[in-house]
1. Please work out which residue is modelled with the lowest pLDDT, limiting yourself to the stretch 185-197 and to residues that are assigned to a loop (DSSP other than H, G, I, E, B) and buried (at least 20 other Cβ atoms within 10 Å of the Cβ).
2. Those residues that are touching a helix residue (DSSP H, G or I) at 6+ places or on another chain (Cβ under 6 Å) and farther than 23 Å from residue 77 by Cβ, I need them from the stretch 110-146; list them, please.
3. Checking the structure you have, find out if any residue of the stretch 319-327 is out of contact with any strand residue (DSSP E or B) (no Cβ under 7 Å at 6 or more places or on another chain) and within 16 Å of the ligand (Cβ to nearest atom).
4. Looking for something within 16 Å of the ligand (Cβ to nearest atom) and under 20 Å from the mean Cα position of the chain (by Cα) - is there at least one such residue anywhere in the stretch 199-217?
5. For the stretch 332-349, does any single residue satisfy the condition of being surrounded by 21 or more Cβ atoms within 10 Å (Cβ to Cβ) and farther than 26 Å from residue 286 by Cα?
6. Can you list residue pairs whose Cβ atoms sit under 7 Å apart, with the first residue in the stretch 40-54 being in the same structural domain as residue 105 (by TED's automatic domain parsing) and touching a residue at least 12 places away in the same chain (Cβ under 8 Å) and the second being in a helix (DSSP H, G or I) and within 16 Å of the ligand (Cβ to nearest atom)? Count only pairs 6 or more apart in sequence or on different chains.
7. Among (1) surrounded by fewer than 20 Cβ atoms within 10 Å (Cβ to Cβ); (2) free of Cβ contacts under 8 Å to residues at least 60 places away in the same chain; (3) on the phi < 0 side of the Ramachandran plot; (4) away from the ligand (no atom under 16 Å from the Cβ), there is one condition residue 182 misses while meeting the rest; what is its number?
8. Taking the condition of being over 19 Å from residue 81 (Cα atoms) and away from the ligand (no atom under 16 Å from the Cβ), how many residues in the stretch 358-391 meet it?
Ligand SMILES: [Zn+2]
């Protein structure tokens, strides 16, 4: 009997030891390995990556290790599976000549993306035109390129030009960028423009939204004024996206959306892709502008930052000799790095806010890499795993993370296509 009790005691001890070991093993899995496993298992999609056509040539392309936030090697290293590459053209005059020029600029970017997927890097990355294609390309082990248009300005005044962009692969379009235009008001008026010029979307803007709905192009409210955003959400018959905007309640920047817009996105069944853009996530240290002004003096430029002052400062910078201009931007970037401190934690704070306010089915992630985006911890595409790791720390499940990274956007896109097919 005594021996039996002793054996039982050892057996219980052994059982406890086994349980403890497996607990420790699982606990270890729940940190780095879990992040790695979940990150590899989900389809990660970034809705905003700016491009420079100079990175899409035989001599210099995304298949090489570039001094850029995104190249295909960094996407592989960071497990970033899909990205909207952006056809962006800055706002200019509202004249036929200027529209033609802007359209040529847009064409250079369409051509660059097509060169990447058709010749330069066709073995690594494929252009997707539907959510189904996104999933199929990903399943085949290749990276996915999708095209988004930032600023409808180059379309000019003929809405049918959108059909041409659609044929070339454009699957989302924002009405405006910095500066009001023929389609509506921007969050950022240029020159002498009043804060609100059209009080939302113009007649031409309404036609554009209607045509986008008919074609199956997602309408993007990023860079729109609040009125334009709400107006767009009311006009669109299909769900709308904010491709790269954050939350105004956490940082009152005009590029961010407030609760009224968030609630409208919820009602519209749309999605907001919170953006890893330092100055939208967190107020910057007060000394930043001081440092920028010291720099401006050094280069004999007008006072102020070109982000806030726009054209007035920017046109002066453009007049600098090339070498000086490059040196200026290098120093400017250094200032931004020194005074803007947003991190992945700040980014995920904005995600948490959207989830609590309007639900997890309405949030996604974007970097704005190549356009000033990137935060501490997610400095370039090679660090994308860190975002998933932070989401896990906050308690999001694998399904949640899949939906945040791509499921929500693909659902919205499918809805937009269903509406177009009706
Ligand atoms: Zn932008």
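The values are calculated or read from the model by the stated rules, or taken from the named source; none is laboratory data. Since this is a predicted model, take the numbers as computed values, not measurements. Cβ: placed from backbone, ideal geometry, glycine included. Neighbour counts: every protein chain shown.
1. So the first thing to find is which residues in the stretch 185-197 are assigned to a loop (DSSP other than H, G, I, E, B), and the list is 185, 187-197.
Now restrict to residues that are buried (at least 20 other Cβ atoms within 10 Å of the Cβ): 185, 187-188.
Numbers: 185: 97, 187: 94, 188: 89.
Step by step, filter the stretch 185-197, then rank; the result is 188.
2. Scanning the stretch 110-146 gives a single hit, 131.
3. Of all residues in the stretch 319-327, those out of contact with any strand residue (DSSP E or B) (no Cβ under 7 Å at 6 or more places or on another chain) come to 319-327.
If we keep only those that are within 16 Å of the ligand (Cβ to nearest atom) too, we end up with none.
Within the stretch 319-327, not a single residue is out of contact with any strand residue (DSSP E or B) (no Cβ under 7 Å at 6 or more places or on another chain) and within 16 Å of the ligand (Cβ to nearest atom).
4. Kept after step one, since they are within 16 Å of the ligand (Cβ to nearest atom), are these residues of the stretch 199-217: none.
Checking the stretch 199-217: not a single residue is within 16 Å of the ligand (Cβ to nearest atom) and under 20 Å from the mean Cα position of the chain (by Cα).
5. no
6. 51/109; 53/109
7. So the condition that residue 182 fails would be (2).
8. Pass one, the stretch 358-391, residues over 19 Å from residue 81 (Cα atoms): 358-362, 371-372, 375-376.
Those still in the list that are away from the ligand (no atom under 16 Å from the Cβ) too: 358-362, 376.
The number of residues fulfilling the criteria is 6.
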